[in-house]
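Colleague: Pasting in a structure now, in structure tokens, and then I'll have a few things to ask.
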Protein chains: 4
Amino acid sequence: MPDRPVSEFLCPLRAKRARRKEARPGELLQAALDLFVDKGFAATRVEEVAARAGVSKGTLFLYFKTKEELFQAVVTHNIAGLFVQWEQEFLDFEGSTPEMLRYCMRTWWERVGLTQASGITKLILAEGRNFPELADFYRREVVKPGQALIRRMLERGVTRGEFEIDDMDHTLYAVIAPMLFLMLWRHSANACVDAELDPERYLQALSDTVLRGLCTPGARTTLSSPPAS
Amino acid sequence: MPDRPVSEFLCPLRAKRARRKEARPGELLQAALDLFVDKGFAATRVEEVAARAGVSKGTLFLYFKTKEELFQAVVTHNIAGLFVQWEQEFLDFEGSTPEMLRYCMRTWWERVGLTQASGITKLILAEGRNFPELADFYRREVVKPGQALIRRMLERGVTRGEFEIDDMDHTLYAVIAPMLFLMLWRHSANACVDAELDPERYLQALSDTVLRGLCTPGARTTLSSPPAS
Amino acid sequence: MPDRPVSEFLCPLRAKRARRKEARPGELLQAALDLFVDKGFAATRVEEVAARAGVSKGTLFLYFKTKEELFQAVVTHNIAGLFVQWEQEFLDFEGSTPEMLRYCMRTWWERVGLTQASGITKLILAEGRNFPELADFYRREVVKPGQALIRRMLERGVTRGEFEIDDMDHTLYAVIAPMLFLMLWRHSANACVDAELDPERYLQALSDTVLRGLCTPGARTTLSSPPAS
Amino acid sequence: MPDRPVSEFLCPLRAKRARRKEARPGELLQAALDLFVDKGFAATRVEEVAARAGVSKGTLFLYFKTKEELFQAVVTHNIAGLFVQWEQEFLDFEGSTPEMLRYCMRTWWERVGLTQASGITKLILAEGRNFPELADFYRREVVKPGQALIRRMLERGVTRGEFEIDDMDHTLYAVIAPMLFLMLWRHSANACVDAELDPERYLQALSDTVLRGLCTPGARTTLSSPPAS
DNA sequence: AATGAATGAGGGTTCATTCAT
DNA sequence: CATGAATGAACCCTCATTCAT
């Protein structure tokens with residue numbers, strides 16, 4: 001059953017307009033996300049956000065009192081429970097941990113890296129200092145659960161005798177860093193990277209390298225035949 | 001013994017002014033670095049830079065024609081200028097390539113990562129798109145030489161039979177990404193990282209991991225006894 | 001009956017604002033013309049233009065993207081736009097060419113010379129070098145069409161056997177120079193002219209002199225009875 | 001006997017420097033004239049004037065309290081008794097008045113039009129409104145004597161039966177206007193003129209036209225054989 | 001609720017003028 | 001006298017925010 005408001009059925013003529021009205025904030029948030037990610041907070045003009053959402057500048061200020069409030073809404077609105085699905089997949093996974101790590105990286109790329117969700121990370125990194133509450137929120141909702149998930153994977157590998165890890169805390173970041181890098185690369189490529197970089201191949205090369213570094217001699221044999229993508 | 005120029009003792013009346021004039025660019029560069037890193041390029045007002053350096057707005061423009069030129073001078077002074085030394089150290093280095101890589105990462109951390117210079121990278125990532133000339137300059141003066149240096153190190157390892165590298169382009173980024181990560185971590189710590197992260201230990205763990213991934217079986221034995229930091 | 005739009009009567013509440021909006025560009029153009037002519041282009045501050053038109057600085061930039069564009073609009077509105085009418089009058093004119101020339105000079109005086117538009121010419125002469133784009137625009141929109149029109153009149157005279165012209169290019173300027181002179185005279189009277197100069201009589205004397213110089217013996221008889229002004 | 005100051009002979013070592021010192025104002029005035037004529041008052045930077053005169057910005061302000069004072073000095077300094085020589089030549093001239101007028105125009109072009117003296121006219125026209133005392137001065141020293149001279153030439157022609165002039169006052173300007181035009185053309189060519197204009201030929205064509213307009217039928221025969229330039 | 005015209009506080013940059021040396 | 005480093009008042013233009021309609 002659709003979640004449209006009752007009023008719509010009472011007065012069908014008003015339906016479309018009413019629904020648009022309720023959709024406004026969402027359209028504005030989407031437009032703002034695109035622009036903030038692309039141009040940063042300072043360089044994004046509210047007028048452009050409004051135009052992209054198909055409304056006038058004044059209307060935007062009906063929904064968001066200031067530009068800063070809009071920015072905060074953009075970030076909070078786009079940070080959702082991204083990790084529910086992964087949690088389940090982690091529990092259900094039956095293969096080897098290297099495979100699991102590979103799988104996880106690949107799906108992360110598809111679900112986050114490639115989508116606009118990765119733009120939020122860029123935003124937080126770029127503007128976080130000026131929005132401390134946002135940064136806290138992000139850490140609580142994204143950083144913590146994400147790190148916990150990866151940590152559990154690494155621990156699974158150790159437990160199963162597949163990985164050899166001296167310093168868990170920092171090995172963790174050896175996995176995270178490249179993903180962060182890829183997100184930034186997507187949104188700031190012009191500034192950072194010179195050569196052509198193929199994210200998929202990069203992920204492949206990366207997991208090869210990292211895994212060779214992590215794996216115990218026995219487990220390393222598995223790596224010689226990586227599953228075809 | 002102070003390092004004031006001799007002329008000062010010959011003509012003490014001119015001392016104060018002359019010394020100020022010579023010191024100006026440095027003071028301005030320092031003030032600019034602080035503010036650029038703290039607030040970003042767009043949000044930093046030149047007047048504030050001038051004020052922090054103890055001069056008026058007009059004076060700043062005596063030394064730097066535009067805000068962009070000021071930024072470029074900051075980059076040159078704090079990062080780009082370091083490559084000369086690294087180049088030389090690379091040529092003079094006589095140890096094994098894994099050691100070289102470790103040494104390079106450690107000095108990079110001391111000279112860039114730990115200093116405010118690392119904030120420049122964050123700034124470029126955040127605002128590069130809005131200031132294409134800045135991004136171009138940064139890429140030309142920092143990214144290119146930096147990547148070239150690392151690439152030559154990796155190639156040295158391959159040549160000497162110490163490294164086994166399938167995909168040079170992407171392995172390159174496997175080295176760069178963690179350093180980038182550390183820089184971002186320092187300047188967006190509140191946003192990214194939850195646990196305490198000790199950069200030195202992280203670098204150690206990282207190079208262990210990466211090097212174990214890179215090294216040929218023979219060379220790997222070297223890794224067991226890392227040089228005392 | 002006033003020429004207010006009908007919509008105003010349908011929605012009187014919107015009247016004042018709407019009318020103001022439509023009138024703005026005109027008010028701004030008038031204010032700009034006054035100030036440009038009085039103080040020159042460089043010395044005129046846009047804020048003063050806005051103030052004279054009764055709006056704020058920002059409002060001016062809603063209608064004209066830059067100060068230069070404002071100037072171009074002033075030129076178009078006050079001079080360049082007049083050539084359409086002159087072109088038509090030229091095509092429709094049925095009298096002799098000497099009469100045509102006289103008529104053209106007189107209307108030029110009424111429509112440009114007497115109005116503040118003539119101050120634009122002085123401005124271009126004084127500042128054209130410093131604002132090449134303005135000079136280019138003026139030449140394209142005013143000088144070229146104006147010269148073309150006069151040239152066609154002179155050629156018409158030659159074709160009809162009324163004029164005898166050895167050196168067309170320079171004869172052209174023999175006609176233009178006095179008009180230029182009159183414009184300068186009006187806007188620099190204190191500097192140039194001592195005696196009282198009656199522009200109308202000057203034009204009369206001028207066309208007498210020039211025409212006597214241009215006309216073939218046969219055509220010259222026509223001149224003895226100039227049409228009453 | 002040279003007009004160097006006595007001090008120079010008392011202390012020859014100081015001679016060069018002293019003479020330079022006395023020459024300073026002149027060098028500054030020359031540099032300022034060039035630049036004011038070229039770029040106008042507002043667009044001329046005092047620093048550039050100083051540089052062109054080979055001194056520092058501060059030195060300029062030792063001689064001229066403000067930029068405006070410099071401008072006024074430039075104009076007054078360059079307006080001299082230009083008409084003494086012409087007066088004499090007028091009295092000595094023995095040919096026909098048309099020849100005299102031609103001669104006068106040609107020498108005017110050589111002595112004024114082609115030299116920087118014509119720049120002063122442009123300056124007065126362009127900036128006169130903002131410097132009323134200067135304009136008065138110019139009118140008294142230049143405009144009045146110049147007009148008187150021409151008027152006397154025209155009257156000579158009438159007296160000798162060579163010219164037929166209905167309206168002396170305005171015919172006067174028929175002669176002046178083209179000369180004014182030529183001066184402006186030289187200093188604002190880019191703004192005004194499209195085609196190539198050869199001043200010498202223009203003066204020729206002009207005097208032909210004007211003279212044909214002025215001359216009585218009898219005198220006109222003289223014009224058929226203009227003296228070779 | 002929606003509009004978009006209007007505002008005005010800055011921001012980067014220039015340059016006449018001052019003044020310590 | 002001469003210098004040139006330093007100043008700060010403007011200037012053009014932008015854009016978040018307001019408010020009459």
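Colleague: Taking the Cα centre of region D:65-211 as origin, sum charge times position over the Cβ atoms of Lys and Arg (+1) and Asp and Glu (-1), and report the length of that vector in debye to the nearest 20. Spell out each step's value before the answer.
Modeller: Values: 16 positive and 23 negative charges, 97 e Å.
With Lys and Arg at +1 and Asp and Glu at -1, about 460 debye.
Colleague: From the backbone phi of region B:95-104, what are the Karplus-calculated ³J(HN,Hα) couplings (6.51 cos²θ - 1.76 cosθ + 1.60, θ = phi - 60°) in whole Hz, Gly and Pro given as x?
Modeller: Couplings: x, 6, 5, x, 4, 4, 4, 4, 4, 5 Hz.
Colleague: If each label sits 7 angstrom from Cα along the C-beta direction, how far apart, in nm, is B:Asp92 from its counterparts in the other copies?
Modeller: Output for B:Asp92: 6.0, 8.5, 9.1 nm, nearest copy listed first.
Colleague: Run the numbers on region C:47-177 and let me know its relative contact order in percent, using alpha-carbon pairs under 8 Å that are six or more apart.
Modeller: On the way: 55 pairs, mean separation 34.7, N = 131.
It rounds to 26 percent for region C:47-177.
Colleague: Here is a follow-up. Starting from the Kirkwood Rh over alpha-carbon pairs, what translational D in µm² s⁻¹ does region A:19-77 have by Stokes-Einstein at 25 °C and 0.890 mPa s? Kindly include the intermediate steps, with their values, before the conclusion.
Modeller: On the way: Rh = 11.0 Å.
Result for D is 223 µm²/s.
Colleague: Let me ask another. Shortest first, in nm, what separates the label point of A:Asp38 from those of the same position in the other copies (7 Å along Cα→Cβ)?
Modeller: Counterpart label points of A:Asp38 in the remaining copies fall at 3.2, 4.5, 4.5 nm.
Colleague: To the nearest hundred square angstrom, how large is the accessible surface buried between C and D, total for both chains, probe 1.4 angstrom? Walk me through the intermediate numbers first.
Modeller: Numbers: alone 13310 and 13640 Å², together 22320 Å².
Protein heavy atoms only, the C-D interface buries about 4600 Å².
Colleague: Separate question: Using a 10 Å cut-off on Cβ to Cβ distances, tally the other chain neighbours for every residue of A:198-209 and report the average as a whole number. It would help to have the intermediate numbers written out before the result.
Modeller: Numbers: counts 3, 1, 0, 3, 8, 1, 3, 11, 7, 1, 6, 13.
Mean inter-chain Cβ contacts per residue within 10 Å come to 5.
Colleague: Another question, then. With the cut-off at 1.5 for a/c, could you classify region C:75-196 from its C-alpha gyration tensor as rounded, prolate or oblate? Present the calculation step by step, with values, prior to reporting the outcome.
Modeller: Values: a/c = 1.73, a/b = 1.49, b/c = 1.16.
Prolate, since a/c reaches 1.5 and a/b exceeds b/c.
Colleague: Over 31 Å between Cα atoms: which of A:Lys67/B:Lys122; C:Lys57/D:Lys122; A:Lys39/C:Lys65; A:Lys67/C:Lys39 fall into that group?
Modeller: Values: A:Lys67/B:Lys122 23 Å; C:Lys57/D:Lys122 33 Å; A:Lys39/C:Lys65 23 Å; A:Lys67/C:Lys39 41 Å.
Those over the limit are C:Lys57/D:Lys122; A:Lys67/C:Lys39.
Colleague: How far is D:Gly54 from itself in the other copies, in nm, if each label sits 7 Å out from Cα along the Cα-Cβ line, shortest first?
Modeller: Between copies, matching label points for D:Gly54 lie 3.9, 6.0, 7.4 nm apart.
Colleague: Where in region B:88-187 are there trypsin sites (Lys or Arg not before Pro) that are in a DSSP coil and have at most 12 other Cβ atoms within 10 angstrom of their Cβ? Intermediate values should be presented prior to the final figure.
Modeller: On the way: sites: B:Arg102, B:Arg106, B:Arg111, B:Lys122, B:Arg129, B:Arg139, B:Arg140, B:Arg151, B:Arg152, B:Arg156, B:Arg160, B:Arg186; in loops: B:Arg160.
Here the trypsin sites (Lys or Arg not before Pro) that fit, given the DSSP loop and packing criteria, are B:Arg160.
Colleague: Would you kindly derive the ³J(HN,Hα) couplings of region B:77-89 from the backbone phi angles with the Karplus curve 6.51 cos²θ - 1.76 cosθ + 1.60 (θ = phi - 60°), listing them in order in whole Hz, with x for Gly and Pro?
Modeller: 3J(HN,Hα) across region B:77-89, in whole Hz: 5, 9, 10, 3, x, 6, 5, 4, 4, 4, 3, 5, 4.
Colleague: Rounding to the nearest 20 debye, state how big the charge dipole of region B:15-66 is about its Cα centre with +1 on each Lys and Arg Cβ and -1 on each Asp and Glu Cβ.
Modeller: Details: 11 positive and 6 negative charges, 73 e Å.
Computed about the Cα centre, the dipole is about 360 debye.
Colleague: Between C:Phe163 and residues 5 or more places away or on another chain, which pairs have amide H atoms under 5 Å apart, with H built 1.01 Å from N, and which residues are they?
Modeller: C:Val158, C:Thr216
Colleague: For the full complex of protein chains and a 1.4 angstrom probe, list C:Glu99, C:Glu127, B:Glu22, A:Glu133 by accessible area with the highest value first. Working shown, then result.
Modeller: Values: C:Glu99 70, C:Glu127 30, B:Glu22 125, A:Glu133 95 Å².
Ranked list, largest accessible area first: B:Glu22, A:Glu133, C:Glu99, C:Glu127.
The values are calculated or read from the model by the stated rules, or taken from the named source; none is laboratory data. What you see is a predicted model, and the numbers here were worked out from it, not measured in a lab. Every residue, glycine among them, receives a Cβ derived from its backbone with ideal geometry; neighbour counts consider all protein chains shown. Side chains are part of the model used for accessible areas, which takes the heavy atoms of the whole protein and leaves out ligands, DNA and RNA. Shrake-Rupley method; radii C 1.70, N 1.55, O 1.52, S 1.80 Å.
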